[in-house]
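*Asks:* Structure incoming, see below.
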Amino acid sequence: MPYPYSAIKSAQFSLTIDRAMQVVEKILSNTRNPRVASADHDHTYDDKFALSEFLSRIALASLFNTFEKLGLDKTTLRHLVSAVSEEKKSVTLRFAANEKCEFVKEDTIEVVDPRQVVEEQKTVGKADGDSTTFTSRKIVTNLKQYHWKVDIEYAMYIYTGNDSEASGDSRKILINRSPSCEIITQGSTRAPFPSAVANDPLDVSLTWMLQRVNKETLSVDFGIDRKESSCRTPRHNNETSDAWTHFEEINSWCTSVNSYFIKKEKEAASGNGLVKEPSMENKGLSTINGDEIFVPVLPLFESLQDAGTSPTSNSPLLTVGDVNLFLAEQCQTMSKQIEVISSQFSPSSEALIVLLNAHMKSISSLWQNGILHIETMLFEQLSDAIGKTVGSEDLNEFVRFHNQKLFSDTYAPEPFCHAIRRPGYYPDGIISIEDKCNNNALTFTRKLENKHSQHPMYIPINSATSVEFKGDMYLHGWMLQKFESKPSFSLASRARQFSSFLLLVGKLSGPDTFEPQHGIILQNTDEIVIPLLLDEMPSPKEFKNAIASLSPEQQQFAKSFRDMKLSSSVFGVCVVQLKPQLELLLGLPDKSLTKEIRLTQDLLSLFIDFQIPSDLLSYDGLDEVDFLEKVRVVKGYVKDINDMIKVTKEKELADAKLQAEMRGGRGGVAPVV
């Protein structure tokens, strides 16, 4: 099974890294040789966590550089950090836009009808010098035009707490514009857009990233608590999970804002009308991608020899000075690209927003791919060390192997695979619990002491009748390991040739009651595989936490319902060997049918296929006679019943043949038998 993160090794990710590495080579001196982190670098497990922290810090710093270009100055940033850390307020970035469409005027223009044929009349003078007159006629159509003014008022601002209004005291407006354009429609007085549209605001929380900023120095800090029990890998820990959620929200917000501007640009230039004023005439916002801006979020390692660091330094990470160079390059390329956008778009506010949002999306995406790259590197190293990709079957094999070491032979789990047999005789069949790879489930097995069957079990047939059965009873405890997906197991049972038994599957509803849900007779190499539907139940601790906030009545109901489920949650399998039961039913001595194969098959056929009462076949003579005589008597009863069945079949066949001949004699067509 492939690793789920292998998809990040796409052509786009590789192209982005290669393009960024060309910039890195120009920024650093020619003696430096950082490369994308890989197993070839000499590093430790902690270095992977350090690289994850490095990527998170530089990604946050890159976002703040981008917000600065949008208008977030350092004074406001300190105020927001203080609001988050000291006043415990939330900080939100909002984009809000409202639209209006108003009728301006109506006028009429003359348009040559293209469907009309232009007629020309010519008057030509004589050759003696008379004048020549040319006359041509054109047909024009008066067409009414309707002028509409479309206004879009939008604002991008930051607010704290719940003061979400753009005019509130605790907000910082980054951009506030009201562009407009004139749309001209022809032939219809219907407005091209609704008269007024109040769009739902687009919000994204900045609280998490502001919590990582030092108020005095405005430096970014991010760390992973590796001592927490929830910390598994550089990707799977609480801090990185929170960062992942934040960058996902930033990415989604930027996508939504850019989609809004691109959509409005297309609507203004669509067939709804003609753009008259240049304020909304710019076409090409969808072509802005921010690829020319350097994204410093790179998962880089550098060999210690290439870095030229002191012998005491043993970290392959880049230094703080390198990070500052990368961030400076980001700001420089961002400023340069803003100048290019300003020269291409007039005014450039919408283009600036689209550009910077595209850059923030690149930061978020590259951070995510960088984290996944670290996780993939860790996975590949582990896979190379083991020699294979570990799956659910490998985990089960691992558990089976170590259970043999952890438990003594008395208590070690055993494969659930049991022979169906009487002592001293060849097995009639086998029963087992298997997974899809035919591996048996490992269960902790205990044989219940029941000397002389003093404590029988009962199978209720109806409300008035129960069947008592005795025999060996085993209790099995089964512990499953969850890996990737829910395990799938089946109950398999197989009968050998000339053998038969009854298989009952159900649940234990009490200490001495077995309630079968399904039953089947297996004989003569029959095989059945029954999928097991495993329903998980919450542990006592999980159940207690789940009902903690319920009312006393609801808690009592939940407890009662859980008790009911627990009382019938014990899965039971009962195997009844048919030969001993036939001997008991027919009054024959024990083991007298062991070698009577033909007689046993005939008896099963009579009981199952023809529903013959047992009274017609059981021995009812003297008990003192030899067991061979008893078997002979039963054979005689079986022969008589078979002969009677044979005669009945022959009679039915003769009657059917006679009826067919009679129909044929009357001109009918005899059926083909």
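The values are calculated or read from the model by the stated rules, or taken from the named source; none is laboratory data. Just so it is clear, the model here is predicted, and its values are computed rather than measured. We place every Cβ from the backbone using ideal geometry, glycine too, and count neighbours over all the protein chains shown.
*Asks:* Kindly indicate the residue of segment 426-466 that is β-branched (Val, Ile, Thr) and surrounded by 13 or more Cβ atoms within 10 Å (Cβ to Cβ) and also farthest from the chain's Cα centre (by Cα) among those meeting that condition. Quick ask: steps written out before the conclusion?
*Replies:* Start the filter on segment 426-466 by keeping residues that are β-branched (Val, Ile, Thr), which leaves 430-431, 433, 443, 445, 459, 461, 465.
Restricting the remaining residues to those that are surrounded by 13 or more Cβ atoms within 10 Å (Cβ to Cβ) gives 430-431, 433, 443, 445, 459.
Details: Ile430: 38, Ile431: 35, Ile433: 29, Thr443: 31, Thr445: 36, Ile459: 43 Å.
Restricting to residues being β-branched (Val, Ile, Thr) and surrounded by 13 or more Cβ atoms within 10 Å (Cβ to Cβ), the top hit is Ile459.
*Asks:* Could you tell me whether any residue of segment 510-520 is touching a Pro at 6+ places or on another chain (Cβ under 9 Å), in contact (Cβ under 8 Å) with a residue 60 or more places away in the chain, crowded, with 16+ Cβ neighbours inside 10 Å and over 30 Å from Gln454 (Cα atoms)?
*Replies:* No, there is no match, as no residue in segment 510-520 is touching a Pro at 6+ places or on another chain (Cβ under 9 Å), in contact (Cβ under 8 Å) with a residue 60 or more places away in the chain, crowded, with 16+ Cβ neighbours inside 10 Å and over 30 Å from Gln454 (Cα atoms).
*Asks:* Another one. Report yes if Pro423 is closer than 25 Å to Lys579 by Cα, surrounded by fewer than 16 Cβ atoms within 10 Å (Cβ to Cβ), modelled with pLDDT under 85 and not β-branched (Val, Ile, Thr), otherwise no. Reasoning before the result, please.
*Replies:* Working: closer than 25 Å to Lys579 by Cα: yes; surrounded by fewer than 16 Cβ atoms within 10 Å (Cβ to Cβ): yes; modelled with pLDDT under 85: yes; not β-branched (Val, Ile, Thr): yes.
When the stated conditions are applied, Pro423 passes them.
*Asks:* Report the residue count in segment 221-255 for those that are in contact with a strand residue (DSSP E or B) (Cβ under 9 Å, 6 or more places away or on another chain) and modelled with pLDDT of 95 or more.
*Replies:* Restricting attention to segment 221-255, the residues satisfying the condition of being in contact with a strand residue (DSSP E or B) (Cβ under 9 Å, 6 or more places away or on another chain) are 221, 246, 249-250, 252-254.
Those still in the list that are modelled with pLDDT of 95 or more too: 246, 249-250, 252-254.
Number satisfying all stated conditions: 6.
*Asks:* Do any strands (runs of 3 or more DSSP E) entirely within segment 407-463 hold 1 or more residues that are of a type in the set (D, E, K, R), and if so, which?
*Replies:* 429-435, 442-448
*Asks:* Also: Any chance segment 593-615 includes a residue that's of a type in the set (A, V, I, L, M) and more than 60 Å from the chain's Cα centre (by Cα)? Before you say what the answer is, go through the steps one by one.
*Replies:* Of all residues in segment 593-615, those of a type in the set (A, V, I, L, M) come to 593, 597, 599, 603-604, 606, 608, 612.
If we keep only those that are more than 60 Å from the chain's Cα centre (by Cα) too, we end up with none.
No, every residue in segment 593-615 fails to be of a type in the set (A, V, I, L, M) and more than 60 Å from the chain's Cα centre (by Cα).
*Asks:* Given the residues Leu653, Leu566, which is the only one that is within 30 Å of Met537 (Cα to Cα) and either loosely packed, with under 14 Cβ neighbours inside 10 Å or in contact with a Gly (Cβ under 7 Å, 6 or more places away or on another chain) (or both)?
*Replies:* Details: Leu653 fails: within 30 Å of Met537 (Cα to Cα).
Answer to the check: Leu566.
*Asks:* Turning to a different aspect of this structure: Among the numbered criteria (1) under 25 Å from Glu350 (Cα atoms); (2) without any contact (Cβ under 8 Å) to a residue 40 or more places away in the chain; (3) part of a loop (DSSP other than H, G, I, E, B), which one does Phe193 miss?
*Replies:* (2)
*Asks:* Still on this structure, please answer the following. Residues to consider are Phe607, Phe571; find the one that is within 30 Å of Met457 (Cα to Cα) and not in a helix (DSSP H, G or I). Outline the logic, then answer.
*Replies:* Details: Phe607 fails: not in a helix (DSSP H, G or I).
Answer to the selection: Phe571.
*Asks:* Additional query: Taking the conditions exactly as written (assigned to a helix (DSSP H, G or I), under 26 Å from Pro423 (Cα atoms) and β-branched (Val, Ile, Thr)), does Thr648 satisfy them or not? Write out each step before concluding.
*Replies:* Working: assigned to a helix (DSSP H, G or I): yes; under 26 Å from Pro423 (Cα atoms): no; β-branched (Val, Ile, Thr): yes.
No, not satisfied.
*Asks:* Using the structure shown, decide if Leu508 is in a strand (DSSP E or B), of a type in the set (A, V, I, L, M, F, W, C) and at pLDDT below 90. Working first, answer last.
*Replies:* Details: in a strand (DSSP E or B): yes; of a type in the set (A, V, I, L, M, F, W, C): yes; at pLDDT below 90: yes.
Here the answer is yes, as Leu508 does meet what is asked.
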